[in-house]
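Presented below is the structure to which this report refers.
The values are calculated or read from the model by the stated rules, or taken from the named source; none is laboratory data. Quick caveat, the model's predicted, so the values are computed rather than measured. Here the Cβ positions follow ideal geometry from the backbone for every residue, glycine too, while neighbour counts run over all protein chains shown.
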Amino acid sequence: MKYSLIKQRLKSTNLLYLLMIPLVILLVLQIFYNGNVFSLYTWILQFPKQFFVSYILMFGIVNIFYGFPRKVYLAISGILLGLFSVLGFISRQKLNIKGSPLLPTDFSLAKEAIEISGHFKEVYLWMALIAIGALFLIVILLKLTPRERYKWPQKTAVFLTSVTLLTGFYTAFGPIQKAFALQLINLSQKMNYEENGMMLGFALNAEYLKVPEPANYQEDAIQKVLEGSKATYSEDPNFQPNIILVMSEAFWDPTLMKNVSFNQDPMPFFRSLQKSQTSGTMLSPVYGGGTANTEFEVLTGFSVQFLPNGAIPYAQYINKPIESLPTILERQGYATSAIHPYDNWFYDRNNVYKRLGFDKFISKEHFNNPEIKGQYIRDTELTKKILDEVKATDKPDFIYATSMQAHGPYENSQNPQNTIKVSGSNLSPASQAILENYSNTLADVDQSLKQLIEGLEQCGEPTEVIFFGDHLPMLGDDYSVYKEASFINGDNSYQDYLNLHSVPFVAWNNFSTTKQNLNLSSNFLGSYALQLAQKSGNYMTDFLSNLMKSGSDVIIKQDFLDQKTITPTEEAQYKLLQYDLLFGKDYANQLEPSHKPPENNDYIQGAGPVKITKVALSNGLLTIQGENFVENATVYIDGKATKSTFVSSSEVATSLPQGSDKLSALDIEIKLSDSMSKVISQSNIYQWLGL
């Protein structure tokens, strides 16, 4: 009786199938990704629009199969449930292991899933259990589901609705994003998936997969590019100067605004370097933000102008080892370090720097008691770290440093402590305050540059420093300060584009008297740094050096094609080489195997490996001695976090845990976690055997 009643009810549940099966699959996907039900509940409450759009997308995916007979539809739904569960689980594991969830670009790497699951044997067990559970559910549903009377009008209507939904997502994703105020959070894929959910977060990233293959992309075309790309400058393998690139946040020259007056120069030291050293203008690919794109161009020589509009390569494309300045210079005996006084996960730098070949990454978490200026760590602290790194190594150094102090927003109210005053007849009080506050921050940044150059002069090592801005500061909403100062017309003209994307740079060194005035875009800066140091590059930097020699050293927005100096042939070759190295079949590295970047297994976060060398007990306190301790780290005794006192980079003190005495044997370890609660460095486990 009960069995027949269940069957009778199932006959009238077509609508329930349509609505509930996509919902169940979406919820299960999110549960497997989040790791618990409570996080799912919180996500739905906090981001209902993202949940709704995710559901509509899943509805289209699942019900495109509704046209099949009911039992076939349910069998496919069960398979989809298992598939999405596995994807959610793999994404969770990838997040735990690598710090970022599963991305569409991961599927371009055949071994990605194996690499992820290989870290934990239980992954295979979980995947097997999920598959078995899905299979069991399919069997139960098929057993309970009666044969249906096939109603093709209903089936066709649902199928067409699903196709329309999926086509709409593919062709009109931009309007959908605007309608629901959806945004891809490129600063962190973890944050992106936390807000948008795995389904929608994945879909938002998929928009940037549309990188078309260039015409004539084949091995012989790449070989032809390589044969014509030999370095145009002399190289000296015996000369190994330190190479330091400092990308200064929002560094720009506000005195370029002719309708504004300053009571004093906000950047006098930079100005003095311009008079004696090579300097010029660098065209940035971004305005007011998107620092990672400028960095990407400088380090790799690639151009974001050849990528989809709005793409952040660090977030979408750097999913494998890429040859860049660190790998190029490490082959020539350099120690390579990245320094950034902000969260290590920002723009996924903690993972990207490993793939770009840096030996180490010193992020905000590794700064001990830094001085804060405004909202961020002062640039003088960054200068100290750079000088520490130069002094700490017996190798020549390549250091890529990115500052934070001048990061906006800038207050729109007057600061009575400002020493630099600004005036302009057309400036509103708010704009005047914004510009004045920015200029005073700039003056402090200028002093940190002076501190860096003076410190390097005292070191006495041959060194070059290229100091440049990443983009113009965002001065007011809708370019308000720039418009009021008549710096731009606001008509999206070519001149406005140049004004809003041109930042100053200077190349100081203590080994050459050559002085040039250069105008180049950021993707040429790395090639110029190698040329100045007389170091060999790779096929990309050599190709760029040829373009520089011919005067084609500026790559601009595609909207202004008629203003380009680069020839169509040169641009086509550039696109071919970039596509091959970033997305293609890697012909260049097959032709030149010595340039293929290896897996960077020795990469660390911090100034050096954290190591406990000695533990002593005195007056009830354990004194832990070792190397590379930081004040934000936590001491763990027998696996439990304990309160500790940071003494120095070589000493930490803590109390014996309750229940322990001086005869107790203890396992002591030090771990450093970031603001995402991910452990980014840890020491050896030191076994203290007691007194």
Practice task
Answer yes or no: is there a residue in the range 566-578 that is out of contact with any Phe, Trp or Tyr (no Cβ under 8 Å at 6 or more places or on another chain), surrounded by fewer than 14 Cβ atoms within 10 Å (Cβ to Cβ) and on the phi > 0 side of the Ramachandran plot.
Solution key: no
Exercise for the section: Determine whether the range 422-441 contains at least one residue that is buried (at least 18 other Cβ atoms within 10 Å of the Cβ), under 23 Å from G280 (Cβ atoms) and either in contact with an Asp or Glu (Cβ under 7 Å, 6 or more places away or on another chain) or of a type outside the set (F, W, Y) (or both). Expected result: yes
Handout entry: Yes/no for S664 being at pLDDT 90 or above and not charged (D, E, K, R)
Key = no
Problem - Any chance K385 is assigned by TED's automatic domain parsing to the domain that holds L525 and either within 21 Å of E295 (Cβ to Cβ) or in a helix (DSSP H, G or I) (or both) - result: yes
Problem - Members of the range 545-567 found to be of a type in the set (A, V, I, L, M, F, W, C) and under 24 Å from the mean Cα position of the chain (by Cα), listed by number - result: I555, I556
Problem - Single condition V554 does not satisfy, out of (1) touching a helix residue (DSSP H, G or I) at 6+ places or on another chain (Cβ under 7 Å); (2) closer than 24 Å to S521 by Cα; (3) surrounded by 15 or more Cβ atoms within 10 Å (Cβ to Cβ) - result: (1)
Problem - Number of positions in the range 216-268 that are in a loop (DSSP other than H, G, I, E, B), of a type in the set (K, R) and not assigned by TED's automatic domain parsing to the domain that holds L525 - result: 1
Exercise for the section: Could you tell me whether any residue of the range 484-493 is more than 30 Å from L387 (Cβ to Cβ), among the aromatic types (F, W, Y) and surrounded by fewer than 20 Cβ atoms within 10 Å (Cβ to Cβ)? Expected result: no
Problem - Any hit, the range 467-478, residues being assigned to a helix (DSSP H, G or I) and at pLDDT below 95 - result: yes
Practice task
Would you be able to say whether some residue in the range 628-635 is modelled with pLDDT under 95 and over 25 Å from E371 (Cβ atoms)?
Solution key: no
Problem - Filter result for S248 (among the hydroxyl-bearing types (S, T, Y) and farther than 29 Å from K483 by Cβ) - result: no
Exercise for the section: Could you please give the count of residues in the range 567-586 that are touching a residue at least 60 places away in the same chain (Cβ under 8 Å) and part of a helix (DSSP H, G or I)? Expected result: 11
Practice task
May I ask you to list pairs of residues, at least six apart or on different chains, whose Cβ atoms are under 6 Å apart, with the first in the range 278-303 being over 17 Å from D553 (Cβ atoms) and the second being modelled with pLDDT under 95 and acidic (D, E)?
Solution key: none
Practice task
Restricting attention to the range 250-281, report how many residues are more than 21 Å from I453 (Cα to Cα) and either under 32 Å from the mean Cα position of the chain (by Cα) or exposed (fewer than 15 other Cβ atoms within 10 Å of the Cβ) (or both).
Solution key: 8
Handout entry: Qualifying positions in the range 286-297 - among the hydrophobic types (A, V, I, L, M, F, W, C) and over 14 Å from the mean Cα position of the chain (by Cα)
Key = V286
Practice task
Could you figure out which of (1) crowded, with 21+ Cβ neighbours inside 10 Å; (2) within 16 Å of Q573 (Cβ to Cβ) isn't true of N546?
Solution key: (1)
Fill in the blank from the handout: Of the residues in the range 677-686, those that are surrounded by 11 or more Cβ atoms within 10 Å (Cβ to Cβ) and of a type outside the set (A, V, I, L, M, F, W, C) come to K678, S681, Q682, S683, N684, Y686
